[in-house]
Amino acid sequence: MKNFMVVCFIGVCVFAVGCASTKVERIDVDKTVDYSGRWNDSDSRMTAKDVITDCVGRFWIKNFREQEGRKPVVIVGDFKNRTEEHLNMDVFLKDLERALINSGEVKFVASADERGGLRQERVDQNTEGYTAPETVKAIGQEIGADFMLIGSVNSIKDEASGRYVILYQVNTELIDLRTNEKVWFGQNHLKKVVTKTKYSL
Amino acid sequence: MIQTARISAEDKAPVEHGLFLIMSMISWRFFRTIVICIFLCAVCSSCASVPAVQRRLRRLAAAGDFDRAVEVLARLPEGSYGKNNQLLEALDRGMILHYAGWYRESIAAFETAKRVYDELYTRSLSKIAASWLWNDAALPYPGEDFERAMINAFQALNFAAIQDYNEALVEARNVQSVLQRINDRYQAGQKNVYQDDAFVRMLTGILYESTGQRLDLNDAFVSYKKAVAGYEGHFQDDYSLNAPDVLLENCLSLAGWMGRRDLDFYQRQFLDKTYVSLAERASRAEIYIIYYHGQIVNKVQGTIVLPGMDGLLTRISFPKYRKAFQPEREIHVRAVSPEGQEKEIILQKAQDLDAIARQNLENRRLRILAKAVARPLTKQILAGAAEDVVRDKKGQTVGDLTYYAANVYLLYSEEADLRAWETLPSVISIGRLILEPGAYDFFAGKEKIASLAVSEGDKKFIMHWAAY
């Protein structure tokens, strides 16, 4: 009887391990959760915030305001993924844009990808007979950007025996669109150590 | 299974008669023993070594009926291959979708494959224990080293096919980590092991070149050098594969870009092979033809039945590759312009997955055989002990039945692990056409394989599968 109980107990354990159930837990958006060690939403958010805080706190803004008497207009350009992971660069770019707008130090205009749709909408509005004249937005009123923010995400990985350390380096540059002068350069680092266990129960 | 049979008084047989024995043994304790054995076997087995659905997909793929294979995949719920074959399922999905030209869907499947492969790094002790009580089908299929590298290769081609060269380069970078991880397992210069993949290195170099940026051209040159070293080293020794002309030409053109010293070195090494300079290639369009031949050879089971201890029969099973015939056939690919101008190349064998798979299994043969011998021995000891206990407690007759059940268990449970990524091609050939900008139709023999419009500086890939 005792042996039978032991066998049943082992069987129940095996089934319990094999059984799948779905568990959902809502957490705060700002909470950092790491599962795989890869670049995730927390990395994107924290890096974007650090990049923009550094960027808008530098002399180029003060110099521009003194020269032009207004806030600079910034556009986000191309950000290259030079890592060995497929990063969702859209998420990172949106985090950058959000941080830029929320800083209140710059004006921000739509990127090249977004402008196509906006221009089409204006052409539609200006097509006679559809839109109330007093609400039509004239073509040729776009604000030109003064600066473009571009950059890249790079990574260096060192790996052995199921453990690896990965360094992400985010390089960001602000370029004067009139003169091609680089007015600001930012570099942010993020380092992770990931350990994978060889065995589990 | 317990069977009962009614007997009449006239038919009543001596105590040794089989039917009477069965009836007399249907007691709670005996029933419990049988239930426990069946329960343990069911828990340990999970599913057959090779999922039946994979065989069906393989047959469709072998016939080149990828549209039908995609339909079958679309109807298959996730997990159809079984819990231990998630990697296999993702690999087959990715491959068939790639062959069928569903590149975006193939990307998703191969990303799943990469994720599952990483998760399988952690091995389950309970499943390892179960594999010793049953067979290796109780373990999740972990994938071979060369299969892991080929995921990156096909994934890179998927991204190149949808002209997302940035993401194709992510695959190129990732495969370097993968190959480094594989390489680190072996000592330098160790023979007959899959330490590196010259074909994947060559593909990586081509993709790095596609951006035209200085940093990437450096990386392209490094990849080409490693590919050349791979072909001239273990690919030649182990798989009888020579470096394709496109690799030698690209290496030379990058060497020319790097400087005189590198160019002189490689010109001497390649016996003054001609090449087109990087600048000239950038002013025209390059079309790379990736030609998949047939299907990779599949595993079959080798079996030896032996008498074991105490008269118990045992079976030693091991996987082996069946003999397969690879016809040698020259593939001529032509680009034909609307004006009727033609340019033709002959493709060259660049990757022999049959040979790699065989070599890979050969390298593990001793380990596989050692387990194939040790496991039945372990089972025999356990079965023998169980039989002795049953014989002591239940008597001679029940002991005999346990003996027969143990034989069935020993013979039935010993199955070789025949699982593999069976939808891989047998051989991959490559060639490159350098064309003036314009529109072209591409033919492999008489078969039209693609129509493309190309501009200056374009680098495009045409992937095509044929039975052979």
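Quick note: the coordinates plus some simple rules give every number you see, no bench work behind them. On a predicted model such as this, the values are computed, not experimentally measured, just so you know. With ideal geometry, Cβ positions are generated from the backbone for all residues, glycine too; neighbour counts draw on all protein chains shown.
Give the aspartates and glutamates whose C-alpha is closer than 14 Å to that of B:K83, dropping any in the same chain fewer than 8 places away, or say none. By straight Cα distance, B:K83 reaches B:E119, B:D136. Across peptide A:81-87, the average count of Cβ atoms from other chains found within 10 Å of a residue's Cβ is 6. Packing order of peptides B:75-84, B:109-118, highest average first: B:109-118, B:75-84 (average count of other Cβ atoms within 10 Å over each peptide's residues). Here's how it looks for A:G77: its modeled amide H is under 5 Å from those of A:L149, A:I150, which are all 5 or more places away or on a different chain.
Amide H to amide H distances under 5 Å link B:V427 with B:H293, B:L353, where only residues 5 or more positions off or on other chains count and H is placed in the peptide plane. Among B:157-168, A:124-135, B:421-432, A:187-198, sorting by the average number of other beta carbon atoms lying within 10 angstrom of each residue, highest first, gives B:421-432, B:157-168, A:187-198, A:124-135. Between B:V454 and B:G438, B:A439, B:Y440, the built amide H atoms are under 5 Å apart, and every one of these is 5 or more places off in sequence or on another chain. Positive end of the dipole of the protein assembly as shown (Cβ unit charges, origin at the Cα centre): among B:Y81, B:L278, B:H464, the Cα lying farthest that way belongs to B:Y81.
The charge dipole of the protein assembly as shown, taken about its Cα centre with unit charges on the Cβ of Lys, Arg, Asp and Glu (plus for the first two, minus for the last two), comes to roughly 2220 debye. Neighbouring Cβ atoms from other chains, within 10 Å of the Cβ of residues in B:343-351, number 0 on average. Derived scalar couplings between HN and Hα for segment B:127-133 equal 6, 4, 4, 4, 5, 7, 8 Hz in order, rounded to whole Hz, by the Karplus curve 6.51 cos²θ - 1.76 cosθ + 1.60 (θ = phi - 60°), x for Gly and Pro. Taking the Cβ-Cβ separation of B:E436 and B:R68 as r and a Förster radius of 30 Å, what is the calculated FRET efficiency to the nearest 0.05? Computed FRET efficiency for B:E436 and B:R68 comes out at 0.20. Relative to the dominant Cα principal axis of chain B, helix B:86-99 is inclined by about 40°. Could you tell me the center-to-center distance, by alpha carbons, between segment A:20-82 and segment B:122-155 in angstrom? So the separation of the two Cα centres works out to 39 Å. Note on B:S240 and A:V165: the model spin-label points, each 7 Å out from Cα along the C-beta direction, lie 4.8 nm apart.
Here the peptides A:52-62, A:89-99 are ranked by packing, the mean other Cβ count within 10 Å, and the order with the highest first is A:89-99, A:52-62.
Between B:A168, B:L401, B:M150, the Cα set farthest toward the positive side of the dipole of chain B (charges on each charged residue's Cβ, about the Cα centre) is that of B:L401.
Is there a simple number for the mean count of other chain Cβ atoms within 10 Å of the Cβ of residues in B:116-125, and what is it?
Neighbouring Cβ atoms belonging to other protein chains average 3 per residue here.
Extending 7 Å from Cα along the Cβ direction at B:E111 and again at A:R26 yields two label points whose distance is 2.7 nm. Under 26 Å of direct C-alpha separation, and excluding same-chain neighbours fewer than eight residues apart, B:K343 reaches these lysines: B:K273, B:K446, B:K448, B:K459, B:K460. Select from A:A110, A:T135, A:S36 the residue farthest towards the positive end of the dipole of chain A; place +1 on Cβ of Lys and Arg, -1 on Cβ of Asp and Glu, and compute about the Cα centre. Selected residue: A:S36. Evaluating 6.51 cos²θ - 1.76 cosθ + 1.60 at θ = phi - 60° for every residue in segment B:141-152, the Karplus couplings come out as 5, x, x, 8, 4, 5, 5, 4, 5, 5, 4, 4 Hz, glycine and proline recorded as x.
Shown is the FRET efficiency for A:F59 and B:F265, computed with R0 = 51 Å from the Cβ-Cβ distance and rounded to the nearest 0.05: 0.55. Computed about the Cα centre, the dipole magnitude for chain A is approximately 900 debye when only Lys and Arg (+1) and Asp and Glu (-1) carry charge, each at its Cβ.
Taking the Cα centre of segment B:383-434 as origin, work out the dipole magnitude from +1 charges on Lys and Arg Cβ and -1 charges on Asp and Glu Cβ, in debye rounded to 20.
On the way: 5 positive and 8 negative charges, 46 e Å.
With only Lys, Arg, Asp and Glu charged at Cβ, the dipole is about 220 debye.
Cross-link partners for A:K31 among the lysines, with Cα-Cα distance under 24 Å and sequence neighbours closer than 8 places in the same chain left out: A:K23, A:K49, A:K94, A:K191, A:K192, A:K196.
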